[in-house]
Amino acid sequence: MKNINEIGLDISKSRFTADKLNLLLANYAVFYQNTRGLHWHIKGNEFFELHDKYEEIYSDLEVKIDEVAERILTLGHSPEHKYSKYLEVSTVPECQGISEAKKGVEHVLDGLLILLSIQRDILDMAADAKDEGTVAQMSDYIQQQEKLVWMYTAYLNK
């Protein structure tokens with residue numbers, strides 16, 4: 001039973017899942033800070049609507065960041081917590097000074113698509129490892145974020 005972790009999963013497969021979850025954590029952290037910036041800098045006719053929407057996004061990300069870190073710990077590994085490391089590995093690019101509604105929403109949409117791609121990879125990896133906890137977590141995140149993609153795509157009239 002040396003190859004099994006505390007929750008009954010294969011240690012090496014859990015290591016791969018935890019590594020990918022750390023990548024997701026980095027992307028969540030950068031996306032979180034980006035949406036905070038969008039929230040602070042939005043101007044124009046859509047200010048009230050988007051100011052609230054950006055806050056919803058970053059508030060949700062704050063919860064997800066904690067949940068992902070705790071899942072990594074549950075798998076028996078350590079979540080990365082250095083922002084410099086997040087910036088090094090994140091595929092969500094930093095944004096700065098976006099105050100126009102369309103550009104902000106486009107950035108949100110691009111970020112969500114990056115997150116969905118990573119989460120789908122984790123979903124497949126976790127399913128292969130018979131890691132139902134991570135599968136359920138990613139499935140929930142994917143469902144929520146696919147709906148946001150639909151909504152923001154409709155907002156942009158694409």
Would you mention how many residues in region 131-143 are in contact (Cβ under 8 Å) with a residue 60 or more places away in the chain and within 20 Å of residue 109 (Cβ to Cβ)?
-> 1
Being among the small types (Gly, Ala, Ser), touching a residue at least 24 places away in the same chain (Cβ under 8 Å) and within 15 Å of residue 33 (Cβ to Cβ) is the filter here, so list the residues in region 75-91 that pass it.
-> 90
Considering each residue of region 36-66, count those that are within 26 Å of residue 9 (Cβ to Cβ) and surrounded by 16 or more Cβ atoms within 10 Å (Cβ to Cβ), and give that number.
-> 2
Of everything in region 130-139 that's buried (at least 20 other Cβ atoms within 10 Å of the Cβ) and not hydroxyl-bearing (Ser, Thr, Tyr), which residue is nearest to the chain's Cα centre (by Cα)?
-> 138
Could you figure out which of (1) closer than 26 Å to residue 52 by Cα; (2) touching a strand residue (DSSP E or B) at 6+ places or on another chain (Cβ under 9 Å) isn't true of residue 129?
-> (1)
When every residue in region 101-111 that is of a type outside the set (Val, Ile, Thr) and within 16 Å of the chain's Cα centre (by Cα) is compared, the one surrounded by the most Cβ atoms within 10 Å (Cβ to Cβ) is 111
All but one of (1) part of a loop (DSSP other than H, G, I, E, B); (2) more than 17 Å from the chain's Cα centre (by Cα) hold for residue 127; which doesn't?
-> (1)
Selection from region 134-158 of residues among the basic types (Lys, Arg) and more than 16 Å from residue 61 (Cβ to Cβ) yields 158
One residue from 142, 98, 114 being over 19 Å from residue 36 (Cβ atoms) and crowded, with 16+ Cβ neighbours inside 10 Å | 142
Residue pairs qualifying under the 7 Å Cβ cut-off, at least six apart or on distinct chains, with the first in region 37-55 being at positive phi and the second being modelled with pLDDT of 95 or more and surrounded by 13 or more Cβ atoms within 10 Å (Cβ to Cβ), are 44/100; 44/101
Listed by first then second residue, the pairs whose first member lies in region 6-20 and is on the phi > 0 side of the Ramachandran plot, whose partner is exposed (fewer than 14 other Cβ atoms within 10 Å of the Cβ), with beta carbons under 9 Å and at least 6 positions apart or on separate chains, are 8/130
Flag for residue 115 being in contact (Cβ under 8 Å) with a residue 12 or more places away in the chain, among the aliphatic types (A, V, I, L, M) and under 30 Å from residue 8 (Cα atoms) = yes
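The values are calculated or read from the model by the stated rules, or taken from the named source; none is laboratory data. Source: prediction; values computed, not measured. Because the Cβ atoms are built from the backbone with ideal geometry, glycine has one as well, and the counts that use them run over all protein chains shown.
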